[in-house]
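Worksheet: the structure to be examined is printed underneath.
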Amino acid sequence: MPTDLPNLLTLSRIFSIPLLVLFVALRQPWSDFAACVVFSAAAITDYFDGKIARERQIVSSFGRMLDPIADKLLVGAALMLLAGFDRLPNWALLPAIVIMLREILVSGLREYLAGLNVGLPVTALAKWKTGFQMGALGTLLAGDSGAWAVGLDFLPVSLIGQAMLWTAAVLTLVTGWDYWVAGLRHAAGRDAPSVGASKRP
């Protein structure tokens, strides 16, 4: 049911996006820190909604549909906000582009494989990618101004976030390639002629 706790947590990631946009648009040190808090809280729900659903055995079709959508909306919104409000230097746009393209690729693969009744399992490396990606985006949303707002201006927060974003991009390429190979394998098996099938002239 949509009102189950795991699904409510998933929905909260989507509902947090307008608030995230508002805080980033204010361009104030306190609002940058608030944007980091909102994004981080939303990202953490991605762990708890799955954990609670498994423990209570309330995994639903609605949740399976909505969970990856909520993740991609949250990540996509954060990346566009960082790029649109000039919070990323030009050289840091490359990992952001890689991450966005990977999300589109995996979404397409999942849609295709779903038509074949084939699931695309989440690997351990993909979980590490998600961790670095969410950590990087939260750190970048805070930025140096957000760090200044809470007395942490001695830390190079933006540089730390950019380094984490590059790490996430590398993991994104590796996991994206793994998923792509898996998709090709299933597509090749689907297209292979059956034994004894007649050949076209």
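The values are calculated or read from the model by the stated rules, or taken from the named source; none is laboratory data. These figures come from a predicted structure and were not determined experimentally. So basically every Cβ, Gly included, is an ideal-geometry build from the backbone, and we count neighbours across all protein chains shown.
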### Task
Show the residue pairs that are 6+ apart or on different chains and have beta-carbon atoms under 9 Å apart, the first residue being within region 57-68 and touching a residue at least 40 places away in the same chain (Cβ under 8 Å), the second being among the aromatic types (Phe, Trp, Tyr) and outside any loop (DSSP other than H, G, I, E, B).
none
### Query
Got at least one residue in region 69-84 being assigned to a helix (DSSP H, G or I), of a type in the set (D, E, K, R) and either touching a residue at least 40 places away in the same chain (Cβ under 8 Å) or surrounded by 14 or more Cβ atoms within 10 Å (Cβ to Cβ) (or both)?
yes
### Message
Given the condition more than 24 Å from residue 170 (Cβ to Cβ) and assigned to a helix (DSSP H, G or I), answer yes or no: does some residue in region 87-105 qualify?
### Response
no
### Task
Could you tell me whether residue 178 is within 18 Å of residue 92 (Cα to Cα), at pLDDT below 95 and assigned to a helix (DSSP H, G or I)?
no
### Task
Kindly establish whether residue 168 is modelled with pLDDT of 90 or more, in a helix (DSSP H, G or I), farther than 20 Å from residue 86 by Cβ and of a type outside the set (Lys, Arg).
yes
### Task
Kindly provide the set of residues from region 34-68 that are under 28 Å from residue 24 (Cα atoms) and of a type outside the set (A, V, I, L, M), ordered by number.
36, 39, 40, 45, 46, 47, 48, 49, 67, 68
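Residues checked against (1) among the hydrophobic types (A, V, I, L, M, F, W, C); (2) more than 18 Å from residue 127 (Cβ to Cβ); (3) within 15 Å of the chain's Cα centre (by Cα); (4) modelled with pLDDT of 95 or more:
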| residue | (1), (2), (3), (4) |
| --- | --- |
| 1 | yes, yes, no, no |
| 5 | yes, yes, no, no |
| 21 | yes, yes, no, yes |
| 39 | yes, yes, yes, yes |
| 52 | yes, no, no, no |
| 58 | yes, yes, no, no |
| 62 | yes, yes, no, no |
| 66 | yes, yes, yes, no |
| 92 | yes, yes, no, no |
### Test for residue 48: is it within 24 Å of residue 23 (Cβ to Cβ), of a type in the set (Phe, Trp, Tyr) and over 17 Å from the mean Cα position of the chain (by Cα)
no
### Query
Which of the residues spanning region 142-183 are aliphatic (A, V, I, L, M) and either crowded, with 20+ Cβ neighbours inside 10 Å or under 16 Å from the mean Cα position of the chain (by Cα) (or both)?
142, 147, 157, 164, 165, 168, 169, 170, 171, 173, 174
